[in-house]
Every structure is written in C-alpha cells, then in structure tokens.
Amino acid sequence: MYMKNHILAALREEFAHWEKVLAGLNEAQITTAPQPSELSIKDEIAHLHAWQQRSIARMEAAFNNHEPNMPQWLPAVDPESENNTDQINAQIYEMYRDRAWSEVYPQWHTGFLRFLAVGEQIPEPALLDPSRYAWLSGYSLADVLIGSYDHHQEHLEKLLARLNP
C-alpha cells in the first residue's frame with residue numbers, strides 16, 4: 001500500500017496547506033477579487049469544490065461498484081472534453097458567485113475530507129488498475145486522486161503568488 005499511502009499523504013498535506021493559508025486571511029481578503037477579471041479566493045474554493053464533486057462521484061462509484069453519479073452542471077456540455085472547460089468554469093462561477101463564504105468553505109472542506117475518506121477505503125490494487133473501471137476510459141482511480149492534488153496545487157500556487165508578490 002505504499003503508492004496509495006503516498007498519494008493520500010500528499011493530498012492531506014495539500015489540504016493542510018490550504019487550511020493554513022485560509023486561516024491566515026480575513027473574510028474581506030477571501031471574498032474580494034483583486035482585479036475585476038480575477039476570481040476571489042471564495043470563488044477559487046467554489047471552483048475547486050465543484051470539480052471536486054466529480055472526483056468524489058468517481059471514488060464513491062468505485063467503492064460502491066457502480067457507475068458514477070456525476071453532478072449536472074451543464075446538461076448539454078461534456079465536462080470530459082477540455083474544449084468545454086472555460087464554459088463549465090464560467091457556469092461554476094455563476095452557480096456560486098452569490099453564495100457566502102460561510103456556505104462555500106464548509107462544502108469544500110467537507111468534500112475534501114470525504115474524498116480522502118473514500119480514497120482510504122479503496123484497496124490499492126483497485127486504486128492503481130487503469131482497466132478496472134471502464135467509465136474511467138483507461139485512467140485509474142489513482143489518476144483521479146493525483147488530478148485533484150494537481151488542481152488544488154495549481155490554484156494554491158497562483159494564490160500564494162498573489163498574496164506574496
């Protein structure tokens with residue numbers, strides 16, 4: 001279980017880093033966009049939470065041995081196609097922009113912990129096998145975990161650069 005433990009440890013470390021950064025900010029810093037064309041930190045967390053829901057759906061489907069029940073952001077748009085990412089991200093922003101930090105943060109926080117918990121429950125062989133779940137189209141559940149780590153890391157690096165110019 002070395003690879004599984006390594007991946008989950010990296011995700012826990014990423015989560016702890018986010019928690020530390022967020023704890024050092026006040027609500028005005030979190031909810032105010034630095035520029036009109038940029039997202040606030042709250043909007044970034046909402047974005048991460050929305051995409052995280054797809055990762056959780058995949059992990060729970062694997063654990064429960066059924067097809068994923070994906071969130072329906074845009075019924076006519078395939079979120080698996082990178083050509084649709086900008087459109088989906090714009091829709092995510094519209095869905096969450098008027099929600100309070102006190103709503104967005106707990107959803108992301110709880111979702112991240114749920115994602116880790118389900119990942120812990122899946123045996124390493126099932127996590128690493130790219131042919132085990134046809135609905136992953138040749139990817140493994142480890143790829144789902146790593147993708148979530150990479151997505152959070154990408155946004156955290158941008159946030160840290162913004163906070164520490």
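Bear in mind that the values in this text are calculations on the coordinates, not laboratory data. Note that the coordinates shown come from a computational prediction; the quantities given were computed from them, not determined experimentally. Reconstructed Cβ throughout: ideal geometry from the backbone, glycine too, with neighbour counts over all protein chains shown.
Here is how the numbers come out for the structure above:
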{"read-out": "For the chain, calculated [θ]222 nm from helices alone, where every DSSP H run of n ≥ 4 adds -39500 (n - 2.57)", "value": "-22500 deg cm²/dmol"}
{"read-out": "Proximal lysines relative to K158, as straight alpha-carbon distance under 26 Å, when same-chain residues fewer than 8 apart are discounted", "value": "K20, K42"}
{"read-out": "Label-to-label distance, nm, for residues given as E103 and A10 (7 Å Cα→Cβ offset)", "value": "3.5"}
{"read-out": "The chain: relative contact order as a whole-number percent, Cα under 8 Å and 6+ apart", "value": "30"}
{"read-out": "Spin-label zone in region 98-131 - amide nitrogen under 16 Å from a point set 7 Å from the Cα of M3 along the C-beta vector", "value": "120, 122-131"}
{"read-out": "Peptide ranges 115-124, 138-147 listed from the most packed, as the mean C-beta count within 10 angstrom indicates", "value": "138-147, 115-124"}
{"read-out": "Label selected from [x] 0.94; [y] 1.00; [z] 0.97, the criterion being Rg/Rh (Cα atoms, Kirkwood Rh) as computed here", "value": "[z]"}
{"read-out": "Highest-first arrangement of 50-63, 33-46, where packing means the average Cβ count within 10 Å", "value": "50-63, 33-46"}
